[in-house]
1. If a residue has to be of a type in the set (Asp, Glu) and part of a strand (DSSP E or B) to count, how many in region 157-195 make the cut?
2. Would region 164-174 turn up any residue that is more than 15 Å from Leu120 (Cβ to Cβ) and modelled with pLDDT under 95?
3. Do any residues in region 66-77 that are in the same structural domain as Tyr292 (by TED's automatic domain parsing) have Cβ atoms under 7 Å from those of residues that are outside any loop (DSSP other than H, G, I, E, B) and surrounded by fewer than 19 Cβ atoms within 10 Å (Cβ to Cβ), where the two are at least six apart or on different chains, and which pairs are they?
4. Give the residue, chosen from Pro275, Pro253, that is touching a residue at least 24 places away in the same chain (Cβ under 8 Å), on the phi < 0 side of the Ramachandran plot, touching a Leu at 6+ places or on another chain (Cβ under 7 Å) and surrounded by 23 or more Cβ atoms within 10 Å (Cβ to Cβ).
5. Scan (1) at pLDDT 95 or above; (2) under 21 Å from Asp105 (Cα atoms); (3) part of a loop (DSSP other than H, G, I, E, B); (4) in contact with a Ser or Thr (Cβ under 7 Å, 6 or more places away or on another chain) for the single condition Ala206 breaks and write down its number.
6. Taking the condition in contact (Cβ under 8 Å) with a residue 12 or more places away in the chain and either farther than 22 Å from Val197 by Cα or small (Gly, Ala, Ser) (or both), does Pro145 pass?
7. Please work out which residue is surrounded by the fewest Cβ atoms within 10 Å (Cβ to Cβ), limiting yourself to region 298-336 and to residues that are acidic (Asp, Glu) and in a strand (DSSP E or B).
Amino acid sequence: MGESAQHMTRRRLLIAVLLVLALAVCGAWVVSTRTGEPAFTNPVLRHDAPDPSVIKADDGFYYAYTTQSPWPTLEYVPVLRSKDLVHWKHVGDALPELPKWVTTDVWAPHVIRIGDTYNLYISARQYGSAGFAIGVATSSSPTGPFEGRPQPLLRGPRFTTIDPFVMTTKGDNLIYWGSNSAPLRVQRLTGDGLDVVGEPKPVLYASDREYEGLLEGAWVVERDGYYYLMYSGDACCEPDPHYAVLVARSRSPFGPFRRGPENPILAANKRFLGPGHNATVRDEGGRDWIVYHAFDRDDTFGNRMLFLDPIEWRDGWPVVNGGRGPSTTSEDAPEV
């Protein structure tokens, strides 16, 4: 090959590489037509990512932990990482080895950092029992691997003891959980978050209101002197999900909680179905965001994909997309 031919080949290769990079960038970033700022459209991850729990770690990344899912082989607690809450990368399985008390069913993980340790709380089916339980595992890294404790933290019949959420407030570590038409409950944890203390207390009961025959997926936000208990109901999954996010608030983390006047705050619309089991996170500009799963009505695989929307606070209550369900158009991205 002559020098001119080599030059042409290199030039074509360079152009091809630049085109690939340009397409990758254009495909990843959207610009708002209203503000000219970075934007996003839902879902932010078109992969099965049910029951997301989100934290921001010291390395500056956001981490999302989801119910078991194939990537492409089955992972018990898939870990996703993002710098901006919009673009997510799968980085592994937080719990590659299950504790001995767990069967292959693991879901609704929640992660919190206590001191220098990351605690991973999971819902799982117990061996030798028809009931379910909540367990805890620990790691020095947000990506794990987490090492599970040999016995469950909490046990209960049927689906009553699932969907853990843990927070630290006023010097206490608290765990919320519940489902299966039983009340949502709260109980104190030890300082390291590895054992329960005292007795559980019911904080919110199922009712005959729409979406409230079953309550689960508790997530508590502390704001302006209130504790906002976000929760999901009623039927999360295929073939006909009837699921939404609701909210109640209290001056105390132990209740009593009063339901929001505009419940549900996030429900199905013409494009997306079954939104729920949310987390919340705050961006660098101090704005709160809700991260949750939902179905795309056009998706034939039945994936519960990852969604994101801003939370607006009006008259002391959270509002998501004006009550219109998951956003379906381009929205301004979080500030990072």
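1. Result for region 157-195: 1.
2. For region 164-174, residues more than 15 Å from Leu120 (Cβ to Cβ) and modelled with pLDDT under 95: present.
3. Sorted first by the residue in region 66-77, then by its partner, the pairs are Gln68/Leu74; Trp71/His90.
4. Among Pro275, Pro253, only Pro275 is touching a residue at least 24 places away in the same chain (Cβ under 8 Å), on the phi < 0 side of the Ramachandran plot, touching a Leu at 6+ places or on another chain (Cβ under 7 Å) and surrounded by 23 or more Cβ atoms within 10 Å (Cβ to Cβ).
5. Every listed condition holds for Ala206 apart from (2).
6. yes
7. Glu312
The values are calculated or read from the model by the stated rules, or taken from the named source; none is laboratory data. Since the model is a prediction, treat every value here as computed from it, not as a measurement. Methodologically, a virtual Cβ is constructed for each residue, glycine included, from the backbone with ideal geometry; neighbour enumeration extends over all protein chains shown.
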